[in-house]
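First up is the structure itself, then whatever we jot down about it.
The values are calculated or read from the model by the stated rules, or taken from the named source; none is laboratory data. Please read these numbers as outputs of a predicted model, since none were measured by experiment. Ideal geometry is used to build each Cβ from the backbone, glycine not excepted, and the neighbour counts take in all protein chains shown.
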Amino acid sequence: IAFVQLHLLGEVLQLVARSGEIDNFIISVPFDWLFKREPGGAYLKTIASYLAGDGQKHVLGKPMMVVSRQYESSEEIRKWIPVFKNILMSAGIPVYEGLPRAVRALAKTAKYYEYQLDK
């Protein structure tokens, strides 16, 4: 529902950011489902633009990374990945294909941070 009603996504991001329970956001975006929201998949650009703009404001300065998920092997959907990534990466938001890659990157960042503290 939050990806369909972006104002709700903003409210959820802000609520979670204020809770003090998290240090980082990992937003998982279901490409297959969102591709079908608008003809030709243009809604994926809408989601990326939202996360790069208003979405970043709602996380209240906490780091955000985005995961793209695609289960259908559709070239039509895959052609949106570079567009999606470019919008987010231009806003300083890293994008990973699949949750395991994002979690690994986050774990390595945390490990490096601990290493720097121990120096």
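What single numbered condition from (1) more than 22 Å from Glu76 (Cβ to Cβ); (2) out of contact with any strand residue (DSSP E or B) (no Cβ under 8 Å at 6 or more places or on another chain); (3) at pLDDT 90 or above fails to hold for Ser49?
It fails just one condition, (1).
Does any residue of segment 46-62 turn out to be touching a Lys or Arg at 6+ places or on another chain (Cβ under 7 Å), closer than 23 Å to Pro100 by Cβ and surrounded by fewer than 17 Cβ atoms within 10 Å (Cβ to Cβ)?
no
Could you check, for segment 34-49, whether at least one of its residues is outside any helix (DSSP H, G or I) and either of a type in the set (A, V, I, L, M) or at positive phi (or both)?
Looking only at segment 34-49, we keep the residues that are outside any helix (DSSP H, G or I), and these are 36-38, 42.
In the following step, the residues that additionally are either of a type in the set (A, V, I, L, M) or at positive phi (or both) were identified as 42.
Yes, that holds for at least one residue.
Go through segment 52-79 and give me each residue that's more than 29 Å from Gly20 (Cα to Cα) and out of contact with any strand residue (DSSP E or B) (no Cβ under 9 Å at 6 or more places or on another chain). Reasoning before the result, please.
Taking segment 52-79 as the starting set, the residues that turn out to be more than 29 Å from Gly20 (Cα to Cα) are 70-79.
Listed by number, the residues that qualify are Glu72, Ser73, Ser74, Glu75, Glu76, Ile77, Arg78, Lys79.
So, Ile87, is that one in a helix (DSSP H, G or I), buried (at least 18 other Cβ atoms within 10 Å of the Cβ) and out of contact with any Gly (no Cβ under 8 Å at 6 or more places or on another chain) or not?
Numbers: in a helix (DSSP H, G or I): yes; buried (at least 18 other Cβ atoms within 10 Å of the Cβ): yes; out of contact with any Gly (no Cβ under 8 Å at 6 or more places or on another chain): yes.
The answer is yes for Ile87.
Say whether the condition of being under 14 Å from Leu34 (Cβ atoms), free of Cβ contacts under 8 Å to residues at least 60 places away in the same chain and touching a Leu at 6+ places or on another chain (Cβ under 8 Å) is met by at least one residue in segment 94-106.
Looking for residues that are under 14 Å from Leu34 (Cβ atoms), free of Cβ contacts under 8 Å to residues at least 60 places away in the same chain and touching a Leu at 6+ places or on another chain (Cβ under 8 Å), one finds none in segment 94-106, hence no.
State whether the residues of segment 90-103 include one that is part of a helix (DSSP H, G or I), of a type in the set (Ser, Thr, Tyr), modelled with pLDDT of 85 or more and surrounded by 14 or more Cβ atoms within 10 Å (Cβ to Cβ). Reasoning before the result, please.
Taking segment 90-103 first, the residues part of a helix (DSSP H, G or I) are 90, 99-103.
Among the residues that remain, those that are also of a type in the set (Ser, Thr, Tyr) are: 90.
Filter again for modelled with pLDDT of 85 or more, leaving 90.
If we keep only those that are surrounded by 14 or more Cβ atoms within 10 Å (Cβ to Cβ) too, we end up with none.
No.
Under the condition of being modelled with pLDDT under 85 and in a helix (DSSP H, G or I), which residue from segment 66-84 is farthest from Leu44 (Cα to Cα)?
Within segment 66-84, the match that is farthest from Leu44 (Cα to Cα) is Glu75.
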